[in-house]
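Here is the structure we will look at.
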Amino acid sequence: MKDVIVVIGSGSIAQAIARRVSVGKHILLADIKIENAHQAENTLSRAGFEVSTTTVDVSSRQSVQALVNTASALGDIKGVIHTAGLSPSQAKAQDLIRVDLYGSAVLFEEFGKVIAAGGSCVVIGSQSSHRLDVDALTQAQADALATLPPEDLLELPLV
């Protein structure tokens, strides 16, 4: 079994990072739209990478857990590249929060249980979160955003 790099979102940024860190490793591409994952698979396979694909909806814990199981079956998970996300021009605020905030927290939690020693995760996120005036957060609010279980994040009044 090879070391595995899990790539969530299959756009150009995800592919560029995967190319840089996945030499000699198996890439598992996961996207909410399988056709996007297949397109990226074609590009990376032609460049000499070993690639497989699956779907994932990061706003669903069950979907993320299925992704973790799929990746774990391929080998030791040495890296997670998370680029899936929404912007205000693409979605309603509630959807953006479920994907960008909740989804990222679930990914950290679930992959944190299985990532191999020395493994790492890179997250490329939307600048939309910077619309929140972080200087206006109380220490308690900042602590809550950093430490609450993912499901509890959705209940925070500031969210």
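The values are calculated or read from the model by the stated rules, or taken from the named source; none is laboratory data. Small disclaimer: the values here were computed from a predicted structure and weren't measured. Here the Cβ positions follow ideal geometry from the backbone for every residue, glycine too, while neighbour counts run over all protein chains shown. For the accessible areas, the whole protein counts, side chains as well, though only heavy atoms, and no ligand, DNA or RNA atoms are used. Shrake-Rupley method; radii C 1.70, N 1.55, O 1.52, S 1.80 Å.
Let me check I have the definition right: for the range 1-157, take the eigenvalues of the Cα gyration tensor, multiply each by 5, take square roots. What are those semi-axes in whole Å, largest first?
So the equivalent ellipsoid measures 28, 17, 14 Å along its semi-axes.
Once the other residues with Cβ under 13 Å from the Cβ of Thr55 are scored (Lys, Arg +1; Asp, Glu -1), what is the net sum?
Every neighbour counted, the sum reads -3.
Looking at the chain, how many pairs of lysines come closer than 23 Å at the Cα, when each pair is eight or more places apart or spans two chains?
Summing the qualifying lysine pairs gives 7.
Determine the sum of side-chain charges near Lys113: Lys and Arg each +1, Asp and Glu each -1, restricted to other residues whose C-beta is under 14 angstrom from that of Lys113.
So the environment of Lys113 carries a net charge of -2.
Just the accessible area per residue of the range 29-68, please: how many Å² with a 1.4 Å probe?
49 Å²
Express in whole angstrom the spacing between the alpha-carbon centres of the range 141-157 and the range 104-126.
18 Å
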